[in-house]
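The values are calculated or read from the model by the stated rules, or taken from the named source; none is laboratory data. These numbers come from a predicted model, not from an experiment. Cβ placement follows ideal geometry from the backbone for every residue including glycine, while neighbour counts extend to all protein chains displayed. In case anyone asks, the SASA skips ligands and DNA or RNA and just uses the protein heavy atoms, side chains included. Shrake-Rupley method; radii C 1.70, N 1.55, O 1.52, S 1.80 Å.
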Amino acid sequence: MRINSYTVAKGVTLATLSSFGLLGCKSGGATPKSTSVKPAAVAAAVPRTAPTDSTDSTKPAPRPQQPGVPPVAQGPVRPGGAPGQPGAAPSTLKPYDQVITKEAVTKRGLFATHMIGTKLYFEIPKKELEKDLQMVGRYVKTRALGQDGPYAGDLFMSQTLRLTKRENTILVSSPNYNFFADSTQSISKAVEAANMAPIILTLPIASYGHDSSMVVEVTSLFTANPLFSAAGRGAQPDANRSFIHRAAAFPENVVVEGTQTGASQQGVNTVVGLWSIIKLPEHPMMPRLYDQRVGFFSVQRLDFGTNEHRAVQRRYINRWRLEKKNPNAAISEPIKPIVYYIDPNTPDQWKPFVRAGIEAWQVAFEAAGFKNAIIAKDVPTDDPDWSMEDNRNTVVRWLPSPVENAQGPHINDPRTGEILNGSIRMFHNILNLQRAWYFTQVGAVDSRAQTFPLPDSLMGKLLQYVVEHELGHTLGFPHNHKASSTYPIDSLRSVSWLKKMGHIPSLMDYARFNYLAQPEDKIPVDLLIPKVGPYDKFATMWGYKPIPGAKTPEDELKTLDSWARMQDTVPWYRFGNSAETGFNGNPDFGDAREAIGDIDAVKASTLGLKNIKRLIPMLIPTTVETGKSYADLAELYDRLLGQWRLEMGHVVNIIGGYETQMKYGGQKGAIYTPLSRARQVEAMKFITENVFKTPSFFIVPEISTLIHPEGATSRITNAQGAILQSLFDGSRINRLVATEAATSNTNDVYRVSELVYDIHNGVWGELKGSAVAIDVYRRSLQRAYLTVAGRIISPPAPVAAPAMPGAPAMPRPAAPAAPAELSAALRADLVDLRSEAKDAVGKVSDRETRAHLLYVIAEVDKILESK
């Protein structure tokens with residue numbers, strides 16, 4: 001079919017869906033963990049008392065005559081299989097009213113759905129044949145197998161579909177949109193011929209209805225077919241333990257909910273799934289080509305019809321279809337605005353803040369030339385057919401879940417990237433997470449955070465920030481963790497700057513509240529919370545602003561390139577292209593999560609540390625209440641320790657770090673610029689003083705005796721050990737080696753051997769004294785060093801992953817080998833350590849230190865002798 005001047009080839013694909021949550025992109029988001037993330041076209045957790053669908057479900061369906069079909073006509077028989085399975089044999093055609101009986105519960109929409117007892121029938125109009133469809137499956141109820149779920153609303157499948165009639169059978173194929181060529185090119189027919197859509201299912205036609213509509217039974221698709229399994233990867237659903245609850249139909253989609261039980265190598269699993277079959281636009285939107293310099297989710301396709309001497313990978317950004325009512329006006333209302341409905345189940349006190357979070361993005365769309373492009377609405381109370389499951393309705397859902405997260409998934413047309421639905425999922429316990437973050441980051445400068453519970457006026461603003469962030473994902477924007485490192489750090493303490501620019505350029509950064517602000521700065525509390533920033537406005541303009549006269553995506557390239565080059569002179573327009581690689585694998589030191597002011601992480605963490613120290617004495621007054629447990633005290637103590645670990649980790653990113661700016665041809669300068677040796681030496685000095693030196697301010701017996709009998713030792717050591725492990729990460733080490741190899745001025749290189757030497761001095765400094773005494777915290781850190789070094793020099797054998805009951809354990813792959821430069825440096829360091837420890841044994845004055853040093857000597861020998 002035609003998409004402007006493009007021909008879509010046929011084959012198999014999974015539609016591209018993206019999701020990113022506030023915590024970690026479960027990916028996220030994004031895409032499933034993918035690469036996220038978790039798309040959604042319909043409600044995440046469907047209430048059993050869902051709003052009435054588009055037709056009366058209690059009246060029996062009409063019994064039309066079957067045009068031209070004998071009452072007992074027999075279709076051709078195909079070999080093997082149950083109905084709905086590949087190779088299924090068509091059943092005998094019957095009169096309509098013998099198939100769709102008066103007991104049928106009928107809903108009408110894209111397809112009519114008929115529930116008759118435990119059986120489900122689709123009645124497919126002739127006009128919906130040969131149309132592009134997408135089936136999306138999400139959980140309603142699950143058994144969470146780990147911290148990452150799966151949870152209600154998570155994606156379990158996505159499949160493109162097309163229905164074709166052949167004799168008395170519906171053939172279900174799965175077209176592939178990944179390969180194409182311009183229809184005017186001679187190669188386009190070869191591309192089409194090489195990508196025939198495979199037939200994945202056959203559905204025997206049971207009867208014909210009005211206007212030749214085709215009735216097929218689809219029960220087994222949702223109870224017995226592994227292609228649509230919700231019970232786990234590779235699970236074979238068991239029809240005896242699976243059943244359909246209900247079906248619903250709307251103009252653009254059909255929904256089926258059911259319980260499914262299946263067995264796989266992971267064991268037996270029972271879930272409730274929600275499948276939505278969505279009709280893709282009959283007139284696809286003209287796509288906009290992706291650019292690495294600006295952050296958008298995207299779909300990918302391989303173009304064989306170019307003049308280049310290769311197949312070209314085309315990527316199209318994910319965005320809503322927005323068209324101006326007045327194309328000639330600089331700012332115009334859209335023909336069809338983006339509407340977000342507020343879930344009526346949202347607690348009443350939060351609804352105004354949800355609305356404000358939605359409409360906060362209007363200012364960004366004004367930069368793209370649209371007024372009132374995004375609108376918040378209440379669910380209509382006078383429309384009995386309105387439903388959250390209707391794909392036309394995008395909803396900010398409120399879910400009664402203990403998960404401390406929120407997610408902004410979206411579902412898009414895999415041909416063009418057009419976003420079709422972007423329902424946000426707000427888990428109830430996001431309130432607790434925001435409360436904790438606000439206290440641990442800015443509680444020292446906002447007295448409202450120093451008494452629990454927080455006032456609704458504050459909590460509502462924190463919730464509004466979450467809505468704004470997640471809504472950004474549903475508009476097509478991924479995380480941009482680099483944003484927080486593009487502002488001058490001193491500006492983050494300036495009231496005039498914060499009023500104009502905010503403390504971060506983008507809501508899509510994982511940068512929460514301005515923890516650099518000091519009490520003496522007297523910053524108004526409403527400036528401590530992020531808002532739509534300059535990058536958000538720039539990216540919205542780049543992705544959504546119409547380009548007059550452009551008829552094809554290629555026609556837009558010159559203008560889009562000129563817009564992207566604005567980043568050369570405006571640093572806060574830049575996008576962190578490595579946003580999802582994590583701390584250690586990310587070369588850009590400023591592309592860090594949960595960071596503020598990481599353009600100078602040493603200075604930022606120094607300021608943040610002052611506030612953490614101020615908050616320790618506030619823990620008991622803030623959380624302890626007569627007649628209540630100390631649960632809040634324990635939680636906030638651990639959260640505060642976690643905040644310390646995060647801020648120290650931002651400094652670690654400087655080691656082996658690069659300053660990066662994605663550039664295209666014609667832009668001057670390098671993409672990757674290694675940080676200077678002086679900056680890395682400064683960072684290691686900070687880590688030695690603030691990480692390896694025991695953070696004694698966390699050692700508060702008054703708190704320890706209330707929340708954990710073992711004290712703070714293990715908690716502090718675990719945090720120190722995580723930072724130590726991060727310093728030795730293989731990606732970081734490889735960058736240090738690469739910089740040394742590529743730099744002619746070796747005096748400006750920070751070598752792996754220097755890193756190991758500086759860590760050694762920070763961890764083992766006591767051994768060089770004239771009298772050696774090592775306290776319990778330092779002994780614990782030193783044992784952690786030996787554990788990390790031992791794993792690098794002699795990695796442990798992989799351990800089988802735990803299995804579900806009744807399933808065999810799954811072997812885990814071996815960890816990648818550490819870089820040779822690191823292994824060699826650590827071996828040399830351990831040789832020196834053994835010598836220092838032996839010398840120090842004669843200088844100890846207490847039995848604990850002597851026993852510890854003898855243990856160290858024995859462990860070093862064991863590591864060095866290992867093979």
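Structure data summary
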{"item": "Filtered residue count, region 453-490, keeping only those that are open to solvent by less than 10 Å² (accessible area, probe 1.4 Å) and part of a loop (DSSP other than H, G, I, E, B)", "result": "8"}
{"item": "Region 666-677, residues that are open to solvent by less than 60 Å² (accessible area, probe 1.4 Å) and either part of a strand (DSSP E or B) or among the acidic types (Asp, Glu) (or both)", "result": "PRO674"}
{"item": "Complete set of residues in region 422-452 that are aromatic (Phe, Trp, Tyr) and either part of a helix (DSSP H, G or I) or under 18 Å from the mean Cα position of the chain (by Cα) (or both)", "result": "PHE427, TRP437, TYR438, PHE439"}
{"item": "Qualifying residue in region 778-789 (condition: open to solvent by less than 50 Å² (accessible area, probe 1.4 Å) and of a type in the set (S, T, N, Q))", "result": "yes"}
{"item": "Verdict on ASN432 being open to solvent by 10 Å² or more (accessible area, probe 1.4 Å) and either in contact with a Lys or Arg (Cβ under 8 Å, 6 or more places away or on another chain) or closer than 19 Å to GLN643 by Cβ (or both)", "result": "yes"}
{"item": "Single residue of region 217-252 satisfying the filter (open to solvent by 40 Å² or more (accessible area, probe 1.4 Å) and hydrophobic (A, V, I, L, M, F, W, C)) that is modelled with the lowest pLDDT", "result": "LEU227"}
{"item": "Out of THR416, THR440, sole residue that is at pLDDT 95 or above and of a type in the set (Ser, Thr, Tyr)", "result": "THR440"}
{"item": "Restricting region 278-304 to residues that are open to solvent by 10 Å² or more (accessible area, probe 1.4 Å) and assigned to a strand (DSSP E or B), the residue that is farthest from PHE222 (Cα to Cα)", "result": "LEU289"}
{"item": "Yes/no for LYS558 being farther than 19 Å from LYS663 by Cα, open to solvent by 10 Å² or more (accessible area, probe 1.4 Å) and not β-branched (Val, Ile, Thr)", "result": "no"}
{"item": "Condition check for ASP861: at pLDDT 95 or above, surrounded by 15 or more Cβ atoms within 10 Å (Cβ to Cβ), closer than 30 Å to LEU736 by Cα and not aromatic (Phe, Trp, Tyr)", "result": "no"}
{"item": "Residue in region 280-303 that is at pLDDT below 95, over 28 Å from the mean Cα position of the chain (by Cα) and among the small types (Gly, Ala, Ser) present", "result": "no"}
{"item": "One residue from ASN745, ASN761 being modelled with pLDDT of 95 or more and farther than 22 Å from ALA634 by Cα", "result": "ASN761"}
{"item": "Residue that is nearest to the chain's Cα centre (by Cα) [pool: residues in region 491-514 that are open to solvent by 10 Å² or more (accessible area, probe 1.4 Å) and of a type in the set (A, V, I, L, M, F, W, C)]", "result": "MET501"}
{"item": "Verdict on GLU366 being of a type in the set (D, E, K, R), under 26 Å from the mean Cα position of the chain (by Cα), modelled with pLDDT of 95 or more and closer than 30 Å to ARG314 by Cα", "result": "no"}
{"item": "Residue count, region 150-183 (criterion: part of a loop (DSSP other than H, G, I, E, B) and either of a type in the set (Lys, Arg) or modelled with pLDDT of 65 or more (or both))", "result": "12"}
{"item": "Filtered residue count, region 669-710, keeping only those that are closer than 15 Å to ASP600 by Cα and of a type in the set (Ser, Thr, Tyr)", "result": "1"}
{"item": "Output for region 565-597, where each listed residue is at pLDDT below 95 and among the charged types (D, E, K, R)", "result": "GLU580, ASP588, ASP591, ARG593, GLU594"}
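Per-residue answers, yes or no, for (1) assigned to a loop (DSSP other than H, G, I, E, B); (2) open to solvent by less than 10 Å² (accessible area, probe 1.4 Å):
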| site | (1), (2) |
| --- | --- |
| LEU615 | no, yes |
| THR626 | yes, no |
| GLU635 | no, no |
| ARG639 | no, no |
| TRP644 | no, yes |
| ARG679 | no, no |
